[in-house]
Every structure is written in structure tokens, then in C-alpha cells.
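> Pasting in a structure now, in C-alpha cells, and then I'll have a few things to ask.
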């Protein structure tokens, strides 16, 4: 009897272990397919109405011979991306699958975009998913109607998701967008570095099996997806890209490697950096100077930069440091400034407060605080992991730019667009070299929802915001560090080399959820609606970005040199000796009506309208919102590497109030100092709309004292029904006009 019981027990254990093993290998799940885009297009009447409204607004504000203004989103993820797949799981209170077909339908029927691009993380795209992505984008374009005037243009691309642990090895994220879809690379090009390991590190099959069996069908599909990624074999180094196997994992460790591989493929493409100030993964001290050198920058491909997305603003430079470095290169913690509290400094204050509360002496607690500051500074981007038992609100607003507009989380000024404009270097021949980039905005939405900024609704789903709280249970080993309950009065160093945390566990997830907003848009001044016209506008840098609303913006240099006398539009560059004269014209966006247009509801049907659009679409009324002011920013690039930036970046350099006119606002101005100053200058403008509620505009929602310091933080994310709305001034950023000084 006992023997029979033991045999049964052994068999039961074997069956359980077998089931866990099979589930951990992904055998019980299904492949995440691309879906099928809806076989319908936006009505011609809707497109004609938009075109007429744009022409009428241009004529009303006096824009001469205007091109079409088209709106798009060049940064869109689906649940093919690993982080998006995780967010879709029931364990993360997710919505389920949102494949490429959903992105196509959202762009066409929900946000009514003129163009968009798919940009899933290359590090997480299996060979099968790449083939399916290519086919899905082709299908999306196939139903767009006349190729010379499609309802929407879908571009193919991916994200090169590089992140280094130290400033010297960090280059950041870049979206690759391909012009055409008929002939494309056999595979996307992934990045080396920290994030790539996130998709291949955890090989604990039994632990995965528990997740798969306990998490339901969607969790089993996720484990299958992870298995597909792990089955990839790295491509052989040094082999021309067209001679490599189609299903290998191709990687580029640096921007120079990425540009070289794109050159090897030979297809027309753009490489668009984004997240350049995002402290979520950018180590303190990282700057863009090293990317201006030699092959690290390709001015033929890297023409544009994303300065705003649903992750926040990366426009403004500020003169502060998250960490400093001594003469030996060792990180040290700088003192606070009125507009900035370093995270490493707050780490010391947390330890000091705990020490005093526990009865420690002033001297002993000061010593512990100094040690904590040192530990946090040396941890760089993992400063938060040096303080045990912290809660999100304990950090107050440490690491955040207090006087920036919708700044990205843990803002890194060394990657700000204004900083890039001020940089100057030399090429190998000694000729001057600068970043000459156009400005755009996009969404970076991870729910296959390009262009979510048309309405401030659905914080969860239209932004990346998630619920605040330490990851526990089945997700604890994936999303965040294990919960430390003890609020100890001593810090501990972060052991980077010996850490067993997965890459996603290294990042500070809880506070970041207060910084996610609905996405921005890129606008182009194009000669037509077709793919070629849109691409040509991107190549000319005749583009601008908005924080979501579809504002109309023109920015021109009126007196460029030459005999034709035509204005030079935004994105242009010239050389001149006389003072430049500029003109700005801006028209506000349409106020939105609730719900969706009838044609969108009819095309998608009730169930799909709810799943994809959540029942809310771009649905403009007849009234335009007011433009309240025009701001001008002037940046004069450095002449020497050590020239102080504070005197070179004027933000705003000029500000013009606007009359409350629905027809818009127009201003003309001159730089009276250009000729006498005899130095190059860069100009761009911001058009500002009247205030409106915006998700997470209050960010950490601090209570502040008379000096502006945060005394209590109330991060967003504890209540899923709270959209965390706060007043914000919507805006549009023009691409810069580059005016080099030339005597005579």
C-alpha cells in the first residue's frame, strides 16, 4: 500500500514537473499573430473636408502657396515588442493582444492619421514576426486606395534599443524608418548592450512554467513568444548583410555599426533618435558629444530627432548635474539647486531621516547620509536600489527638472535638443561639424495606438501609465526588484557586476508612471499625400512636432540670400551676413467632439471600435482653439568646446502675445544682433495654445514650500479610474532654421 502510494506520488510529481517543463518551453502557448487589418478606408469626403479646412486656415493666416500639412506618428509599438507584450498580460491588468493590424486600424479609423510607422524593438522581433510585420504593413497600404492619394501611408521600421550602463557606453534609442516596402531588409538590426539581455536572460524553465500555467492563455502565449526569441542564433560578424541567413539575429553595438549595416543594405532609410533625455535608462553624466564624432553620426540618415513623445519632453537644456565626476573619473554627488534635487542627494536625506528617527546622533547620521550619497552616485542609473525599503513618494521630486515643460522622467540635460544644437566639432578633414536636425514628435505608444494625443482620455491604454506598486507574485521576477520591507537606516552599494536582477528590474518603474502622457504628432509640409511626398518633406526637414493637438504652423526665413526671393521654410539652412528676418504663422487645433465619426463606427463595428479605439476617435468640431503666444528660441553653437552654454541658449529669446483670434496668430521678427555678432545661429519657434487638461501634466503632484521645494509627492497610478488630469498649454515646435554667418 505504501509502495503504491509512493509510486503514485512520484508519478504525480513527474507529471507536474513535466507540465511545468513543457509550459516553460512554450509548448502550451500559441504564436502571437499579426492580425488582419479592416478592409475599408476613410471616406473620400472625410479626406476632402480635412484638405479644405487646411487650405482655408492657410489662406486665412496668409500663408503663401502653402503645401499640405499632414499629420503622422513615426514611433509605434505593438505587442510584438516584449515590453508591450508584458503590459498586455492579465497579470499586469493588460488589455490583451494588440498586433500590427490594430495599429493600422487605429491610425486609419481612430486617430485618422495621414501616415505612421511601426517601430517594434528589433531585439524582440523573431524572424516569423518580422515577416508578418512586413506583410501586415503591405496589407495596410493595400487598402489605402489610390497610391497617389492614399487615406493613410504606413511605413515599415523598427527601434534600435541601445542602453549602456555607463555614460561612455550609452548611445540611446533610435527608430529606423524605411521609405519603401516592396524590397526590405531580411531582418531588423538589433542593439547590443543592456536591454538586449532583457529578452534572453531568464532561462528558468520551471519558473516560467508556473507563470504559464497560473497566468492563463495569454501568459502561455507569452512564454511561447520568449521561446521564439531564444531560438534565434546571432549573425556571424564581418559578413555582408545580404549574405547572412535570413533568420539570424543581426546586431549593431554602436550608431556607427548601425549606419554601416544600413549602408550595406542600401535601402532609403531615416534614423531618428528619441528619448535622449530619458533618465529611465540613460545613466547620469551621459552626453551627446561623443555621437558627433566621425562615423557615430550620419547626417544623410540622421536628419531628424524626436523631441517629444508620450514619455515626455526632451527639448530644454538645464545647467544641472545628476552626478558629477572628480579628476579621477569617480562619480560624486552634487549639491541641490533651486530647480533640481539630485537623486543621490535625496538618498542621503532619506538615510539621515531614518537614522535620526531611530535615535542616532547628528554626527553619526550625517556620516551615514554622506555614505548613502556616495553609494547612490556610484550606482548611476540605479541610485534608487541603494536605499532599502523605499516607497515612490519617499523620493519627492528627486531627479526631475522642476522648471521644464512636461519633462521626461529623471531628466538628462546632456541629451536635450537645445544641447545638441549648441554642440560643434570637426570632421576628419578639420571642417566644422554640427547636428543639423529637424524636430518632430510622436507617441511611443505600446498598445498599437499611433497618434493618441487627440483626446485626453484613458490614462491606461492611451499612455504608458501603469499601476503604482511593487511587482509581486508571478511578475516580481520580471517587472521590478523584490520588495524590501525593512526601511533600514543604512544604504548599501549597488553591485552591478554581481547583481542577479534582470535588466527590467534595474529601472525605477513606479515613479515613471506619473510622467507618461498621450503622444505627440509629427507634421509635414508636403507637396502631396503620397509616400514619396511625405518622405521628401522628412528629408527636407520641413517638419514640426506637436504635443498631440493638430495645430498648424509655418516658420520661414523671409530674406535668405539669392535672386529668387522665396522664403526658406523650417528645416532649411543658409549662409548670410545681413540680419535675418523671420515670419511665424500658427493656427489652433480643432476642439474635439465626443465619440467617433459615423464612418469609423461603421467600418470597425461596435466590438472592434471598443477594443481598438476604446470608443473615442479623432472627431473634430468646427471651432478652433486659440493660439495665445509665439515663443522664439535662439541657439548659437559653440566656437570652442568649453564655451559656457548659458550664454548661448536663449529660451525664450523672444515671446509674442497673440490676440484671441480663431483664425490664428502671425508675427514677424528680426535678429538685430546677428550681423554685429558675426557668429552662426539656430532659430526655432513654439506656438502655444490656450490651457487645457492633460493626463499627467501634474506629474508627481508635489506640495511645495515657499522656496519651491517638494515637501510631499502624490504620484499618479494608485487609482486606475483617475486620469490624473492637470492644466497644460498644448504646443507645436517648428524644426530649426540654421543660419550660418558669412561676412559680406
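The values are calculated or read from the model by the stated rules, or taken from the named source; none is laboratory data. This one's a predicted model, so the numbers in the text were calculated from it and none came from an experiment. Virtual Cβ from ideal backbone geometry, glycine too; neighbours counted across all protein chains shown.
> Here's a check for you: in segment 421-447, which residue that is closer than 30 Å to residue 101 by Cα and touching a helix residue (DSSP H, G or I) at 6+ places or on another chain (Cβ under 7 Å) is surrounded by the most Cβ atoms within 10 Å (Cβ to Cβ)?
Ranking the candidates gives 443 first.
> While we're looking at this one, here's another question. Please go through segment 351-368 and give me each residue that is in contact (Cβ under 8 Å) with a residue 12 or more places away in the chain, touching a helix residue (DSSP H, G or I) at 6+ places or on another chain (Cβ under 6 Å) and surrounded by fewer than 23 Cβ atoms within 10 Å (Cβ to Cβ), ordered by number.
Scanning segment 351-368 gives 352, 355, 365, 368.
> Filter segment 306-347 for residues that are out of contact with any strand residue (DSSP E or B) (no Cβ under 8 Å at 6 or more places or on another chain) and touching a residue at least 40 places away in the same chain (Cβ under 8 Å) and give the result.
Scanning segment 306-347 gives 319, 322, 330, 338, 339, 340, 342, 343, 345, 346, 347.
> Could you check how many residues of segment 294-351 are part of a strand (DSSP E or B) and under 27 Å from residue 426 (Cα atoms)? Can you show your working first?
At the first step, the residues of segment 294-351 found to be part of a strand (DSSP E or B) are 304-309, 312-313, 324-325, 331-332, 337, 340.
Applying the additional criterion that residues be under 27 Å from residue 426 (Cα atoms) yields 304-307, 324-325.
Within segment 294-351, residues that are part of a strand (DSSP E or B) and under 27 Å from residue 426 (Cα atoms) number 6.
> Evaluate the following for residue 639: is it part of a loop (DSSP other than H, G, I, E, B), in the same structural domain as residue 570 (by TED's automatic domain parsing), touching a residue at least 60 places away in the same chain (Cβ under 8 Å) and on the phi < 0 side of the Ramachandran plot?
yes
> Also: Condition test on residue 476, is it assigned to a helix (DSSP H, G or I) and at pLDDT below 95? Please lay out each step first, then the result.
On the way: assigned to a helix (DSSP H, G or I): yes; at pLDDT below 95: yes.
For residue 476, the condition - assigned to a helix (DSSP H, G or I) and at pLDDT below 95 - is met.
Results for (1) surrounded by fewer than 24 Cβ atoms within 10 Å (Cβ to Cβ); (2) within 24 Å of the chain's Cα centre (by Cα); (3) in contact (Cβ under 8 Å) with a residue 12 or more places away in the chain, shown as yes or no for each residue.
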| position | (1), (2), (3) |
| --- | --- |
| 687 | no, yes, yes |
| 693 | yes, yes, yes |
| 697 | yes, yes, yes |
| 717 | yes, yes, yes |
| 721 | yes, no, no |
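> Residues of segment 555-573 being within 24 Å of residue 61 (Cβ to Cβ) and in contact with a strand residue (DSSP E or B) (Cβ under 7 Å, 6 or more places away or on another chain), which ones? Talk me through it step by step, then tell me what you get.
Restricting attention to segment 555-573, the residues satisfying the condition of being within 24 Å of residue 61 (Cβ to Cβ) are 555-560, 564-572.
Once the filter is applied, which keeps residues that are within 24 Å of residue 61 (Cβ to Cβ) and in contact with a strand residue (DSSP E or B) (Cβ under 7 Å, 6 or more places away or on another chain), segment 555-573 yields 555, 556, 557, 558, 559, 560, 567, 568, 569, 570, 571, 572.
> Return the total of residues in segment 607-621 being under 16 Å from residue 592 (Cα atoms) and touching a helix residue (DSSP H, G or I) at 6+ places or on another chain (Cβ under 9 Å). Reasoning before the result, please.
To start, the set of residues in segment 607-621 that are under 16 Å from residue 592 (Cα atoms) comprises 613-621.
From the residues that got through so far, the ones that are touching a helix residue (DSSP H, G or I) at 6+ places or on another chain (Cβ under 9 Å) too are 613-620.
Residues meeting the conditions: 8.
> Given the conditions (1) within 25 Å of residue 310 (Cα to Cα); (2) in the same structural domain as residue 299 (by TED's automatic domain parsing), report the number of the one that residue 434 does not fulfil.
Among (1) within 25 Å of residue 310 (Cα to Cα); (2) in the same structural domain as residue 299 (by TED's automatic domain parsing), residue 434 violates only (1).
> Which condition from (1) part of a loop (DSSP other than H, G, I, E, B); (2) free of Cβ contacts under 8 Å to residues at least 60 places away in the same chain is the one that residue 55 breaks?
(1)
> Return yes or no: is residue 377 surrounded by fewer than 18 Cβ atoms within 10 Å (Cβ to Cβ) and within 19 Å of residue 341 (Cβ to Cβ)?
Judged against the criteria, residue 377 is not a match.
> For the condition surrounded by fewer than 21 Cβ atoms within 10 Å (Cβ to Cβ), at pLDDT 95 or above, over 24 Å from the mean Cα position of the chain (by Cα) and in the same structural domain as residue 521 (by TED's automatic domain parsing), what is the one hit in 669, 674? Break it down into steps so the answer makes sense when it comes.
Details: 674 fails: surrounded by fewer than 21 Cβ atoms within 10 Å (Cβ to Cβ).
Checking each option against the conditions leaves just 669.
> A further question follows. Could you run through segment 393-420 and say how many residues are assigned by TED's automatic domain parsing to the domain that holds residue 490, in a helix (DSSP H, G or I) and surrounded by fewer than 24 Cβ atoms within 10 Å (Cβ to Cβ)?
Number of matching residues: 2.
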